[in-house]
Each structure stands twice: as structure tokens, then as C-alpha cells.
Amino acid sequence: MSGKRKDYISWDEYFMGVAMLSGRRSKDPSTQVGCCIVSPDNKILSMGYNGLPRGCSDDEFPWEREGDPLQTKYVYTVHSELNAILNYGGGSLEGAKLYVSLFPCNECAKAIIQSGIKEVIYDCDKYADTDSVLASKHMFDSAGVRYHQYHRTGRKIEIEL
Ligand SMILES: [Zn+2]
């Protein structure tokens with residue numbers, strides 16, 4: 001065999017793929033979001049998905065989206081981006097990039113900015129018109145955090161587990 005193989009994945013496909021795979025760990029019945037934080041020299045530093053705080057069981061906490069706020073998921077879940085930031089045990093995330101399957105909400109945007117992450121690559125932006133995402137973009141613009149949409153390549157990867 002000579003020459004290099006043609007089916008290897010790009011850095012962007014690799015990191016967004018890892019983000020999407022992480023999202024598959026989420027038990028949220030409506031939205032699985034995954035995230036992958038990468039150093040400037042393309043090393044994976046951390047990963048995360050949306051879920052309940054450590055020790056808070058699904059048996060006790062709701063995944064509902066409507067009704068009494070204390071009976072909805074919104075007040076309890078930790079988003080993938082915040083989980084990835086909090087899970088990182090290596091010190092500073094200064095200058096890192098964050099790949100995420102859904103554009104960050106305003107609360108995660110604050111954590112992203114404060115942690116020193118400088119670039120966000122997102123896949124879906126379906127909540128672009130919400131106050132939360134508008135606030136995120138306003139803060140990213142002011143703080144000098146660059147963001148751009150992931151360019152889907154259409155590559156399908158099947159992994160037998
Ligand atoms: Zn968030």
C-alpha cells in the first residue's frame with residue numbers, strides 16, 4: 001500500500017464528531033447537546049453533555065419542559081458547555097476553542113468568556129431569535145470571542161459498539 005488513505009476525518013469533523021458523540025450520553029428526552037473543548041494546538045481538553053448535577057438522580061428530578069418551574073428540567077440541568085468547563089481539571093482554558101452541537105445560551109456564554117475560551121464552533125442555531133442567544137452573541141462580540149457555524153460535510157460515520 002502506498003499513498004495516504006482518503007477516508008480520514010478532518011480536525012473539524014473530529015472535534016464536532018466528539019461533541020455530537022458526547023451529546024449521546026444525555027438522558028434529556030428532547031435535546032441532546034454535546035460539547036468538546038480543544039487547545040490551540042488541537043488537543044482535546046474536555047467534553048460535556050447536558051445533564052443533572054452530580055448526585056441528582058433522574059428518579060427524583062423532572063425532564064419536563066412545561067408547567068410549574070420546579071417541575072421542569074430548566075432549573076436543574078447543567079448544559080454541556082458548562083459541564084465541559086467545570087469538568088476540566090487541567091488549569092487554564094485560555095485561548096481554547098469550543099465545539100458544540102447547539103449555539104450556547106447566555107449563561108454558558110458567560111462561563112465561556114470567563115474561562116478564556118476564544119472561539120466557538122457551533123452546529124445548530126435554532127434558537128437564534130431568542131433573547132438568550134441574542135445576549136450570547138452580544139457578549140461574545142464585546143468580549144472578542146469569535147464564533148462561526150460548523151460546515152457540515154455530510155460524512156457519515158458508523159461505529160459498532
Ligand atoms: Zn447553556
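The values are calculated or read from the model by the stated rules, or taken from the named source; none is laboratory data. Keep in mind the model is a prediction, meaning the values are calculated, not measured. Cβ sites come from the backbone with ideal geometry, for glycine too, and all protein chains shown count toward neighbours. Ligands, DNA and RNA are excluded from the accessible area calculation, which covers all protein heavy atoms including side chains. Shrake-Rupley method; radii C 1.70, N 1.55, O 1.52, S 1.80 Å.
Observations, loosely collected:
- Single residue of segment 57-101 satisfying the filter (β-branched (V, I, T), touching a strand residue (DSSP E or B) at 6+ places or on another chain (Cβ under 9 Å) and not in a helix (DSSP H, G or I)) that is surrounded by the fewest Cβ atoms within 10 Å (Cβ to Cβ): V78
- In this structure, S115 does not qualify as open to solvent by less than 100 Å² (accessible area, probe 1.4 Å), more than 29 Å from I9 (Cα to Cα) and without any contact (Cβ under 8 Å) to a residue 60 or more places away in the chain.
- Residue in segment 123-138 that is nearest to Y14 (Cα to Cα), counting only those that are of a type outside the set (A, V, I, L, M) and assigned to a loop (DSSP other than H, G, I, E, B): D125
- Check on P104, more than 30 Å from D12 (Cβ to Cβ) and either touching a residue at least 12 places away in the same chain (Cβ under 8 Å) or in a loop (DSSP other than H, G, I, E, B) (or both): no
- Of everything in segment 1-36 that is of a type in the set (G, A, S) and either within 16 Å of the ligand (Cβ to nearest atom) or open to solvent by 80 Å² or more (accessible area, probe 1.4 Å) (or both), the residue that is farthest from S80 (Cα to Cα) is S2.
- Condition check for V120 on (1) assigned to a helix (DSSP H, G or I); (2) open to solvent by less than 60 Å² (accessible area, probe 1.4 Å): one failure, at (1).
- Any hit, segment 37-56, residues being surrounded by 10 or more Cβ atoms within 10 Å (Cβ to Cβ), of a type in the set (V, I, T) and in a helix (DSSP H, G or I): no
- Filter result (in a strand (DSSP E or B), farther than 20 Å from A111 by Cβ and open to solvent by less than 70 Å² (accessible area, probe 1.4 Å)) within segment 139-161: none
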